[in-house]
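Taking it in order: structure first as structure tokens, then the write-up.
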Amino acid sequence: FTVGLVFYPAGKKAPVIPYLGFGGGLYWWRYTENGDFINFNDEALPIFTGEYRADGVQAGFFGVAGLDIPVQKNWSVFAEVRYHKVRAEMGDDFDGMGKIDLSGPQVSAGVAWRF
């Protein structure tokens, strides 16, 4: 769930309208590892099968850059790139193992309707 502000540095009258913005939100995440693992606490180094999970909700922020192409008065098509910046403390089965970096780019395209 994100909320942001968008600015139109070249105005909104051009046939192709560039925009820039930023925002923040809540990011729900889940991390799972499953498979065969080595028990390094045992000198025999036995292999065991397991599954480990962690999940949570973390606040983060993003920056966005995109193009809006008006089709009709209230309709347009758009394409944008967002970069999300989010780091969350691992918990549950990974408690004490530091943070997980959930940051990364997102590319979107779609149809916009203004009312």
- When you go through P9, P18 one by one, which is the residue that is under 26 Å from the mean Cα position of the chain (by Cα), in a strand (DSSP E or B) and under 24 Å from W113 (Cβ atoms)? P18
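Residues checked against (1) farther than 17 Å from Y31 by Cα; (2) at pLDDT 95 or above; (3) among the aromatic types (F, W, Y):
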| site | (1), (2), (3) |
| --- | --- |
| Q72 | yes, no, no |
| R82 | yes, yes, no |
| G104 | no, yes, no |
| G110 | yes, yes, no |
- Filter result for E43 (on the phi < 0 side of the Ramachandran plot and open to solvent by 60 Å² or more (accessible area, probe 1.4 Å)): yes
- Query: Any idea how many residues of the stretch 46-67 are surrounded by 14 or more Cβ atoms within 10 Å (Cβ to Cβ), in contact with a Gly (Cβ under 8 Å, 6 or more places away or on another chain) and either more than 30 Å from I17 (Cβ to Cβ) or among the acidic types (D, E) (or both)?
  - Reply: 2
- Of all residues in the stretch 36-91, which are within 25 Å of the chain's Cα centre (by Cα) and assigned to a loop (DSSP other than H, G, I, E, B)? V86, M90, G91
- Task: Kindly indicate the residue of the stretch 48-68 that is among the aliphatic types (A, V, I, L, M) and at pLDDT below 95 and also nearest to V3 (Cα to Cα) among those meeting that condition.
- Result: V57
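The values are calculated or read from the model by the stated rules, or taken from the named source; none is laboratory data. As the structure is a computational prediction, the values presented were derived from the model and not from experiment. Glycine also receives a Cβ, built like all others from the backbone with ideal geometry; neighbour counts cover every protein chain displayed. Heads up: the accessible areas ignore ligands, DNA and RNA and are worked out on the full protein's heavy atoms, side chains in. Shrake-Rupley method; radii C 1.70, N 1.55, O 1.52, S 1.80 Å.
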